[in-house]
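The values are calculated or read from the model by the stated rules, or taken from the named source; none is laboratory data. It should be emphasised that the depicted structure is a prediction, and the values quoted were computed from it without experimental measurement. Because the Cβ atoms are built from the backbone with ideal geometry, glycine has one as well, and the counts that use them run over all protein chains shown.
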Amino acid sequence: MNRNFLVLIPVILLSCMNQKANKIQAPKSEAISVSDSLIIVPSEIQTIEKSEEEWKKELDEMSFYVMRKQGTERAFTGEYWDNHKQGVYLCKGCNLPLFMSDTKFESGTGWPSYYQAINKNVIKEHSDHSHGMTRTEVVCARCAGHLGHVFPDGPEPTGLRYCLNSASLLFVENGKIKQ
């Protein structure tokens, strides 16, 4: 069996584990080949809903603040802003694969930045008028967890900069989840 496929089995399993228990049929999925690896991302994202108390039990304090209260970690303090390893970034709330390290770039902002999501269906965007400015908020399509914001000042080929919080992400490298 292909070694790269074995490395990504945990990603596939984690992505499927958070589906509602009463939905037995497997979701439709899309296979994406990245750097000789195969990542399975659901084409149809089934949302999950949890109470605030459930989220508080599942997330650490900073992740809860960022993901459920639309907070922001301080620049240059998050675990992944300077991560240069190859792998996949998942939503910390529901393990949905969101971004590949191949699309991560040095923005100089102190937050992990990406120019493209794995699939257009894994994130949603909302207008954010907080703090006296207009921005575009980025949330996970499955659990609606706040990830960060997207700006039109990124590199080619998209020209976008998804500026995210490390507290909203999990990183998978070589089949190991780093939390």
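In segment 136-144, the condition of being small (Gly, Ala, Ser) and under 18 Å from residue 71 (Cβ atoms) is met by at least one residue.
Please go through segment 124-152 and give me each residue that is of a type in the set (Lys, Arg), in a strand (DSSP E or B) and at pLDDT 95 or above, ordered by number. The answer is 124, and nothing else. Only a single item in (1) more than 13 Å from residue 171 (Cα to Cα); (2) surrounded by 13 or more Cβ atoms within 10 Å (Cβ to Cβ); (3) charged (D, E, K, R) is not met by residue 49, and it is number (2).
Residue count for segment 153-179 satisfying the condition of being assigned to a loop (DSSP other than H, G, I, E, B), surrounded by fewer than 24 Cβ atoms within 10 Å (Cβ to Cβ), of a type outside the set (Val, Ile, Thr) and at pLDDT 95 or above: 7. Criterion applied to 65, 80, 89 was being assigned to a strand (DSSP E or B), more than 14 Å from residue 141 (Cα to Cα) and either in contact (Cβ under 8 Å) with a residue 60 or more places away in the chain or small (Gly, Ala, Ser) (or both), and the one residue passing it is 89.
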